[in-house]
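*Asks:* Got a structure here, written out as structure tokens. Questions coming.
The values are calculated or read from the model by the stated rules, or taken from the named source; none is laboratory data. Quantities reported herein were computed from a predicted structural model and do not represent experimental measurements. Neighbour counts run over all protein chains shown; Cβ positions are idealised from the backbone, glycine included. Please note that ligands, DNA and RNA were not included when accessible areas were found on the heavy atoms of the full protein model with its side chains. Shrake-Rupley method; radii C 1.70, N 1.55, O 1.52, S 1.80 Å.
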Amino acid sequence: MLEIKNLYVSINDKPILKGVNLKIEKGEIHALMGPNGSGKSTLSFVLMGHPKYKITKGEIFFEGKNITEINPDERARLGMFLCFQYPTEIQGVSLFNFLKTSYNSINNEKISSMEFREIMKDKMKLLGVEQKFIERYLNEGFSGGEKKRGEILQMAVLNPKISILDETDSGLDIDSLKIVSNGINKVSNSENSILLITHYKRILKYIKPKFVHVMIDGKIVLSGDEKLADELEENGYNFLKEKVK
Amino acid sequence: MNNCTVNINNNYEEKYGWNVKIDSINETNIGLSENTINEISKIKNENKENKWINEFRLKSLKHFQERKMPTWGGNLSNINFNNIIYYKKFVDKKDNWNKLPIKIKETFDKLGIPEAEKNILAGTSAQFDSEIVYHKIREDLKKQGVIFVDPDEGLQKYPHIFKKYFGTVVPYSDNKFAALNSAVFSGGSFIYIPKNVEVKMPLQAYFRINSENIGQFERTLIIADEGSKVHYIEGCTASVYSKDSLHSAIVEIIALPNSHVRYTTLQNWSKNVYNLVTKRAVAYENAIVEWVDANIGSSLTMKYPSVIMKGEGAKADILSVAFAGKNQHQDTGAKVIHLASNTTSKITAKSVSKDGGKTTYRGKLYVPKKSDNVKSSVRCDALLLDEISKTDTYPYNNIENNNAVITHEATVGKIGEEELFYLRSRGLTEEMALNMIVTGFFDVFAKEIPLEYAIEFNRLIQLEMIGAVG
């Protein structure tokens, strides 16, 4: 479904990603771990087409299509979704109206507010949010937990083929983490894929990845199954740095 | 970029900017003189019992001629007062759309006025160049004593109220354009809401400029008696011409104790119109005055809705939004004069500039020493959509009383890359994302006006946003 081939990325001429290779098949959950500054968030932005980052080498394929050069909105319409670590606040635009516009644009539909309210119902229940929540301005004054719930609500409604979750667990208390993880699990099925980017193992208690990858200094240095996360948790990244050398 | 500009004009022209050819029944010769004034007075039958109004006009003309052009604000140097037709009338006023000449009826049909009247309005008037051509108020309001007529009828039928308040809030000598309006005013509204009467649905006046080279000088006087409540809405559009038109109005509001007046404006003149308007209210004890003012059209607008707080406990809320595109300057703002203690005011100004357009916020706040416990908050936000557009802020605060609580916040912003990326990552094209951000920026205005108008307002903004993606 998603294939990253030998990807090199810079920001302001500073190299961040230095040859990333990754392949995610349909129905798979992959966790990407790594220390601060290793390039995990950069990878998530690049996958979604953020204009700030410059791809100097390599390619990204989505369902066999080379998407290295295409716009973020086209990627969204192909079925890609980025769950932001720090979702942007947009004043004066309600979460509901925004998501309706997004839904219509991605699915090339023109459904009304009334119909969309129906679509939203179950998903709102799943994330435990009230009507009031979706009427609020997009992310404005949201707590950390509310922002993440908002992101997963969007994911649930838009039903993307691949979701890139950028540190969705950071800043969540244990209750919110459970709700958010449960939401992700409900959306996840054999037809879609997830790339879960995280610092910590704790979210992996709720979401079970098939593969765990470790990124250090702009490269995936180690891949394995769930056990790799345990090893990291015990020994830290420094241990791994030694091991890789 | 050129294509986009043409596109905008075409859109305006198609939706609002067409004109109809129709013969006038009265019009003054081009230019302005005592003769012009006397002619207007004659047509309006002001020469007998209402001779005073003709004298008022002549006095105002003299002041206009003597008064220098303002040297602040926008560029007024291209206005040629000799090239303007000051009065043009096409038909006597009707209270049935079907009795109007078909071309005039069709104009207002196309603008959706009879439709709005049916759905949400308590009273409707429509002005075509210099005169009101259609006027109607719901019967039940009439029975309650609500007066909603044009100034000519107000003067003739209700001379005592008219004379008592006319020109008391905005004197003819207030500024050069107030003097001009006082000299040649025609059309507009005269409204009186009796004590404790609440008009639940809005009254609306719609102003249409159809002819080339015309000046429109309507005059609105609203008196809200004690404990009454009214919402007045005005909308306007104009035919597109290569030559300039001039719109110079005066609005006076008298909000008597405990009354509540809201005045909403959706200004959408074509881009050949100079829009130079004086709007002012006086608020007595515990009265509430709200100006809700949007300026989207015109080449230059200079307009600063004001409230003079004369009674204790009065409240003023002024919301002013502006959109300036190519070759437009929106010089807008607000003034509040706190002449009484325990008065509160809130000013919110929001502007967007695009394609080299310019917005200016000009505000004045005055709290004299004698006014205790005054509260005022001012917030101005400007959004620039590109590098060539401009915005300025001129807040003049004169606070003589130390216990006044005044807050002022101003921001100038550009649309951030992160905001755009967030929206685009959700499948919105760059154009949709920009539209959404700008619409959201103005939401504070849209949610203050009736839904039908909010939809219209958002549509106008989207029309202005065409071509925003470079």
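*Asks:* In segment B:398-417, how many are open to solvent by 60 Å² or more (accessible area, probe 1.4 Å), farther than 28 Å from A:PHE98 by Cα and either within 14 Å of chain A (Cβ to nearest Cβ) or assigned to a loop (DSSP other than H, G, I, E, B) (or both)?
*Replies:* Of the residues in segment B:398-417, 3 are open to solvent by 60 Å² or more (accessible area, probe 1.4 Å), farther than 28 Å from A:PHE98 by Cα and either within 14 Å of chain A (Cβ to nearest Cβ) or assigned to a loop (DSSP other than H, G, I, E, B) (or both).
*Asks:* Could you say whether any residue in segment B:390-397 is within 14 Å of another protein chain (Cβ to nearest Cβ), closer than 30 Å to A:THR101 by Cβ and open to solvent by 10 Å² or more (accessible area, probe 1.4 Å)?
*Replies:* No, every residue in segment B:390-397 fails to be within 14 Å of another protein chain (Cβ to nearest Cβ), closer than 30 Å to A:THR101 by Cβ and open to solvent by 10 Å² or more (accessible area, probe 1.4 Å).
*Asks:* Anything in segment B:290-327 that is in contact (Cβ under 8 Å) with a residue 40 or more places away in the chain and out of contact with any strand residue (DSSP E or B) (no Cβ under 7 Å at 6 or more places or on another chain)? List them, or say none.
*Replies:* B:GLY325, B:LYS326, B:ASN327, listed by residue number.
*Asks:* Can you tell me which residues in segment B:429-467 are of a type in the set (A, V, I, L, M), outside any helix (DSSP H, G or I) and under 17 Å from B:VAL321 (Cβ atoms)? Even if it seems obvious, please write down each step before you answer.
*Replies:* First, the residues of segment B:429-467 that are of a type in the set (A, V, I, L, M): B:432-434, B:436-438, B:444, B:446, B:449, B:451, B:454-455, B:460-461, B:463, B:465-466.
Applying the additional criterion that residues be outside any helix (DSSP H, G or I) yields B:449, B:466.
The one that is of a type in the set (A, V, I, L, M), outside any helix (DSSP H, G or I) and under 17 Å from B:VAL321 (Cβ atoms): B:ILE449.
*Asks:* Okay, moving on. Output the number of the condition that A:LEU138 fails; it satisfies all remaining conditions of (1) over 19 Å from B:LEU420 (Cβ atoms); (2) touching a Phe, Trp or Tyr at 6+ places or on another chain (Cβ under 6 Å); (3) at the interface with chain B (Cβ under 9 Å from one of its Cβ atoms).
*Replies:* Unmet for A:LEU138, out of (1) over 19 Å from B:LEU420 (Cβ atoms); (2) touching a Phe, Trp or Tyr at 6+ places or on another chain (Cβ under 6 Å); (3) at the interface with chain B (Cβ under 9 Å from one of its Cβ atoms): (1).
*Asks:* Out of the residues in segment A:64-96 that are basic (Lys, Arg) and open to solvent by 10 Å² or more (accessible area, probe 1.4 Å), state the one that is farthest from the other protein chains (Cβ to nearest Cβ).
*Replies:* It comes out as A:LYS65.
*Asks:* Check whether at least one residue in segment B:48-57 is more than 17 Å from B:PHE162 (Cβ to Cβ) and free of Cβ contacts under 8 Å to residues at least 12 places away in the same chain, and report yes or no. Show your work before the answer.
*Replies:* Of the residues in segment B:48-57, the ones more than 17 Å from B:PHE162 (Cβ to Cβ) are none.
No, that holds for no residue.
*Asks:* Given the options A:GLY34, A:GLY27, name the one that is on the phi > 0 side of the Ramachandran plot and open to solvent by less than 20 Å² (accessible area, probe 1.4 Å).
*Replies:* Exactly one residue qualifies, and that residue is A:GLY34.
*Asks:* Oh, and also: Take the residues in segment A:1-12 that are touching a residue at least 40 places away in the same chain (Cβ under 8 Å) and open to solvent by 10 Å² or more (accessible area, probe 1.4 Å), then tell me which one is nearest to A:ILE184 (Cα to Cα).
*Replies:* Checked segment A:1-12; the qualifying residue nearest to A:ILE184 (Cα to Cα) is A:MET1.
*Asks:* Need at least 1 residues that are open to solvent by 10 Å² or more (accessible area, probe 1.4 Å) and closer than 29 Å to B:GLY145 by Cα per element, so show me which strands (runs of 3 or more DSSP E) inside segment B:210-294 make the cut, counting only ones lying wholly within it.
*Replies:* Correct list: B:229-238, B:260-267, B:273-283.
*Asks:* Sticking with this one: Show the residue pairs that are 6+ apart or on different chains and have beta-carbon atoms under 7 Å apart, the first residue being within segment B:251-280 and under 18 Å from B:GLY73 (Cα atoms), the second being of a type in the set (Asp, Glu) and in a loop (DSSP other than H, G, I, E, B).
*Replies:* Taking only residues 6 or more apart or on different chains, the pairs are B:ASN272/B:ASP244; B:TYR274/B:ASP244; B:THR278/B:ASP174.
*Asks:* Right, something else. Here is a list of conditions, (1) open to solvent by less than 20 Å² (accessible area, probe 1.4 Å); (2) more than 20 Å from B:ARG57 (Cβ to Cβ); (3) touching a helix residue (DSSP H, G or I) at 6+ places or on another chain (Cβ under 6 Å), and B:PHE90 meets all of them except one; can you say which number that is?
*Replies:* The one condition B:PHE90 does not meet is (3).
*Asks:* What's the number of the only condition in (1) open to solvent by 10 Å² or more (accessible area, probe 1.4 Å); (2) closer than 23 Å to B:ILE455 by Cα that B:TYR304 fails to meet?
*Replies:* (2)
*Asks:* Pick out, from segment B:324-387, the strands (runs of 3 or more DSSP E) lying fully within it that include 1 or more residues that are at pLDDT 95 or above and in contact with a helix residue (DSSP H, G or I) (Cβ under 9 Å, 6 or more places away or on another chain). Please lay out each step first, then the result.
*Replies:* Working: elements: B:329-338, B:344-353, B:358-367, B:375-384.
Where strands (runs of 3 or more DSSP E) fall fully within segment B:324-387 and carry at least 1 residues being at pLDDT 95 or above and in contact with a helix residue (DSSP H, G or I) (Cβ under 9 Å, 6 or more places away or on another chain), they are B:344-353, B:375-384.
*Asks:* On to the next question. Could you please tell me which pairs satisfy a Cβ distance under 6 Å, a separation of 6+ or placement on different chains, a first residue in segment B:429-457 that is touching a residue at least 60 places away in the same chain (Cβ under 8 Å) and within 12 Å of chain A (Cβ to nearest Cβ), and a second residue that is assigned to a helix (DSSP H, G or I) and open to solvent by 30 Å² or more (accessible area, probe 1.4 Å)?
*Replies:* From segment B:429-457, no pairs qualify.
*Asks:* Report, by residue number, each residue of segment B:115-138 that is in a helix (DSSP H, G or I) and either charged (D, E, K, R) or crowded, with 17+ Cβ neighbours inside 10 Å (or both).
*Replies:* Hits for segment B:115-138 are B:GLU115, B:ALA116, B:GLU117, B:LYS118.
*Asks:* Here's something else I'd like to know. Please pick out the residue among B:TRP72, B:TRP52 that is assigned to a loop (DSSP other than H, G, I, E, B), surrounded by fewer than 20 Cβ atoms within 10 Å (Cβ to Cβ) and not charged (D, E, K, R).
*Replies:* None of the others qualify; the one that does is B:TRP72.
*Asks:* Within segment A:16-24, can one find any residue that is over 17 Å from A:VAL221 (Cβ atoms) and away from every other protein chain (no Cβ under 14 Å)?
*Replies:* Yes, segment A:16-24 contains a residue that is over 17 Å from A:VAL221 (Cβ atoms) and away from every other protein chain (no Cβ under 14 Å).
*Asks:* Go through the residues of segment B:418-425 one by one and say whether even a single one is more than 14 Å from chain A (Cβ to nearest Cβ) and crowded, with 19+ Cβ neighbours inside 10 Å.
*Replies:* no
*Asks:* Determine the pairs where a residue that is more than 14 Å from chain B (Cβ to nearest Cβ), located within segment A:28-51, has a partner that is basic (Lys, Arg) and not in a helix (DSSP H, G or I) with Cβ atoms under 6 Å apart, the partner being 6 or more residues away or on another chain.
*Replies:* If the second residue must be basic (Lys, Arg) and not in a helix (DSSP H, G or I), the pairs left are A:GLU28/A:LYS210; A:ILE29/A:LYS210.
*Asks:* Got at least one residue in segment A:97-119 being touching a Leu at 6+ places or on another chain (Cβ under 9 Å), within 9 Å of chain B (Cβ to nearest Cβ), on the phi > 0 side of the Ramachandran plot and surrounded by 20 or more Cβ atoms within 10 Å (Cβ to Cβ)?
*Replies:* So in segment A:97-119, the residues touching a Leu at 6+ places or on another chain (Cβ under 9 Å) come out as A:97-99, A:101-103, A:105-107, A:116.
Retained after the next criterion (residues that are within 9 Å of chain B (Cβ to nearest Cβ)): A:97-99, A:101-103, A:105-107.
Those still in the list that are on the phi > 0 side of the Ramachandran plot too: none.
No: segment A:97-119 contains no residue that is touching a Leu at 6+ places or on another chain (Cβ under 9 Å), within 9 Å of chain B (Cβ to nearest Cβ), on the phi > 0 side of the Ramachandran plot and surrounded by 20 or more Cβ atoms within 10 Å (Cβ to Cβ).
*Asks:* Could you tell me how many of the residues in segment A:153-177 are free of Cβ contacts under 8 Å to residues at least 60 places away in the same chain and closer than 23 Å to A:GLU191 by Cα?
*Replies:* 4
*Asks:* Next up: Somewhere in segment B:364-375, is a residue touching a residue at least 24 places away in the same chain (Cβ under 8 Å), open to solvent by less than 70 Å² (accessible area, probe 1.4 Å) and of a type in the set (S, T, N, Q)?
*Replies:* Within segment B:364-375, one or more residues are touching a residue at least 24 places away in the same chain (Cβ under 8 Å), open to solvent by less than 70 Å² (accessible area, probe 1.4 Å) and of a type in the set (S, T, N, Q).
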